[in-house]
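Notes to accompany the following structure.
The values are calculated or read from the model by the stated rules, or taken from the named source; none is laboratory data. Worth saying up front: this structure is predicted, and the values here are computed from it rather than measured. FYI the Cβ positions are ideal-geometry reconstructions off the backbone, even for glycines, and counts take in every protein chain you see. Only protein heavy atoms, including side chains, enter the accessible area calculation; ligands, DNA and RNA are left aside. Shrake-Rupley method; radii C 1.70, N 1.55, O 1.52, S 1.80 Å.
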Amino acid sequence: MKTIVQRVTAAKVTVGEEVISSIGRGLCVLVGITHTDTGKDVEYLSRKLLALRLFEDENGKRWQKSVKDENLEILCISQFTLYHRLKGNKPDFHMAMQGEQAQTLYQSFLKRLANGVFGAYMQVHIQNDGPVTVELDSQHLDNKTKSKVEVNQDKIVNEDVEK
């Protein structure tokens, strides 16, 4: 799974003329799912997204607070095009997970965060704050944390182990 995360002062998604979802201050997140993603990727990225410190603290010090700390909003948008490969000048999307299977993982991701729309042609309107844009990829664990995930009676249990 891959996400492109933008800190925003406002964002909305429209399909045609209808506003599907909108938020105030928070994060606008483009979510790409590849054919090898599993519940482990959903767990890792949802946890990282909620803990990602992109906001100032009460003293104006940058990079101190997360969306969860500040009780802000998250707008997620399914974006299969994050898993493209260029063949000459034409994008190829064979690395993206197919429809129904991707929708199941996407819905699982949203359950850990909020609601969203899958697979519709939409217009995304954002008012970026900064701008601040961060990519999170479940295939690349961060430098300080090694994620150990175990399946225990159909339940994913996560332990963070310091390197």
Residue list for segment 1-21, filter: closer than 22 Å to TYR83 by Cβ and among the polar types (S, T, N, Q): THR3, GLN6
Could you check segment 39-61 and list, in sequence order, the residues that are open to solvent by 70 Å² or more (accessible area, probe 1.4 Å) and touching a residue at least 12 places away in the same chain (Cβ under 8 Å)? LYS40, ARG53
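Out of the residues in segment 71-93 meeting the condition of being open to solvent by 50 Å² or more (accessible area, probe 1.4 Å) and touching a residue at least 40 places away in the same chain (Cβ under 8 Å), tell me which one is nearest to the chain's Cα centre (by Cα).
Initial filter on segment 71-93 (open to solvent by 50 Å² or more (accessible area, probe 1.4 Å)): 71, 73, 79-80, 84-91, 93.
Then keep just the ones that are touching a residue at least 40 places away in the same chain (Cβ under 8 Å); that gives 73, 79-80.
On the way: GLU73: 13, GLN79: 10, PHE80: 12 Å.
Restricting to residues being open to solvent by 50 Å² or more (accessible area, probe 1.4 Å) and touching a residue at least 40 places away in the same chain (Cβ under 8 Å), the top hit is GLN79.
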Limited to segment 1-38, what total is found for residues that are among the hydroxyl-bearing types (Ser, Thr, Tyr), closer than 26 Å to PHE93 by Cα and either touching an Asp or Glu at 6+ places or on another chain (Cβ under 7 Å) or buried (at least 23 other Cβ atoms within 10 Å of the Cβ) (or both)? 1
Count of residues meeting criterion [more than 12 Å from ILE126 (Cβ to Cβ) and free of Cβ contacts under 8 Å to residues at least 60 places away in the same chain] in segment 1-23: 4
For SER66, only one of the following conditions fails: (1) touching a residue at least 40 places away in the same chain (Cβ under 8 Å); (2) touching a helix residue (DSSP H, G or I) at 6+ places or on another chain (Cβ under 7 Å); (3) open to solvent by less than 40 Å² (accessible area, probe 1.4 Å). What is its number? (1)
